[in-house]
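Quick notes on the structure that follows.
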Amino acid sequence: MSLADKIFIENCNDIMTNGVWDTDKPVRPKWADGTSAHTVKKFGIVNRYDLQKEFPILTLRRTAFKSAIDEILWIWQKKSNNIKDLNSHIWDSWADETGSIGKAYGYQLGVKHKYKEGEFDQVDRVLYDLKNNPASRRIMTNIYTFQDLNEMHLYPCAYSMTFNVSGDTLNGILNQRSNDVAVANNWNVVQYAVLLHMFAQVSGLKAGELLHVIADAHLYDRHIPVVEKMLKNTQFPAPKFVMNKDIKNFYDFTVDDFALIDYEYNKIEEKFEVAV
């Protein structure tokens, strides 16, 4: 069993057994047929992944490794807010006729700010501090910018990363206000595990622990039968994560610089509809 499987099973069982339903409240998300998409949730879930021990990807079902990396590069490397720069269609429901998702995600990371050391956007500030101020306790990003929320087509779900260097090891905390556990939980974990590996390598460090802090971890009503079935699947060992060791510049990474060796997973016929 991979650690990602173990944590996912524990989270889902906890939510389904001890969670609170919102069926007595009006909710924003809707299914494609217009029905309100209700959830059962747990408040305040914290998961810890040691990237030195294994790569945290599910084997209970396939997580689309390359697509997840493509999106994280779209946000953090391209700093884009336009789906025309993305190779998947996961953002189509939130894009306008120009392809823009508004002043969200990559847009916020690309905004430059003035510091005594110079002018940086949030990503370049992290890269600068990891190389020049590794003992700093101020290495972080935040894309939940209140003055721009009304111009975002979707408020950020995963909104903040805090980086911390301990010796020669880079650790990180991903803060997430809301997490659709069945659809996006492991997707986000995979993305930020890869991101931590990327930042570590270009900074002469090794990737350590990723903490995932979720304020509202929920399962949608229509997802629960599929989740219950999925939790009974065979569990395989975690695959080996490999990354192009020759890359020394964060902006030189491409999707092709990452791979999984011996990734075994269960195939499931059912698809998880995404509530919008």
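The values are calculated or read from the model by the stated rules, or taken from the named source; none is laboratory data. It should be emphasised that the depicted structure is a prediction, and the values quoted were computed from it without experimental measurement. Every residue, glycine among them, receives a Cβ derived from its backbone with ideal geometry; neighbour counts consider all protein chains shown. Quick note on the areas: whole protein, heavy atoms, side chains included, nothing else; ligands and nucleic acids left out. Shrake-Rupley method; radii C 1.70, N 1.55, O 1.52, S 1.80 Å.
Here are a few things to note about the model shown:
- The residue of the stretch 97-135 that is least open to solvent (accessible area, probe 1.4 Å), among those that are over 23 Å from the mean Cα position of the chain (by Cα) and in contact (Cβ under 8 Å) with a residue 24 or more places away in the chain, is Pro134.
- Tally of residues being part of a loop (DSSP other than H, G, I, E, B), closer than 28 Å to Ala200 by Cβ and open to solvent by 20 Å² or more (accessible area, probe 1.4 Å) across the stretch 1-39: 1
- Residue pairs whose Cβ atoms lie under 7 Å apart, separated by 6 or more positions or on different chains, with the first residue in the stretch 3-20 and within 16 Å of Asn186 (Cβ to Cβ) and the second part of a helix (DSSP H, G or I) and modelled with pLDDT of 95 or more, are Ala4/Asn186; Ala4/Val189; Phe8/Asn185; Phe8/Asn186; Asn11/Val181; Cys12/Val181; Cys12/Val227; Ile15/Val181.
- Restricting Asn249, Asn233, Asn266 to those that are surrounded by fewer than 20 Cβ atoms within 10 Å (Cβ to Cβ), under 30 Å from Leu127 (Cβ atoms) and more than 19 Å from the chain's Cα centre (by Cα) reduces the list to Asn249.
- Boolean, Val276 is over 19 Å from Lys66 (Cβ atoms), open to solvent by 50 Å² or more (accessible area, probe 1.4 Å) and of a type in the set (A, V, I, L, M): yes
- Residue check: Tyr155 meets all listed conditions (1) among the aromatic types (Phe, Trp, Tyr); (2) over 22 Å from the mean Cα position of the chain (by Cα); (3) not in a helix (DSSP H, G or I) but one, namely (2).
- Any hit, the stretch 202-223, residues being surrounded by fewer than 20 Cβ atoms within 10 Å (Cβ to Cβ), under 20 Å from Ile90 (Cβ atoms) and of a type in the set (Ser, Thr, Tyr): no
- Test: residue in the stretch 47-54 that is open to solvent by less than 20 Å² (accessible area, probe 1.4 Å) and either modelled with pLDDT under 95 or not aromatic (Phe, Trp, Tyr) (or both): yes
- Filtered residues of the stretch 68-107 (kept if charged (D, E, K, R) and out of contact with any helix residue (DSSP H, G or I) (no Cβ under 7 Å at 6 or more places or on another chain)): Lys84, Asp96, Glu97
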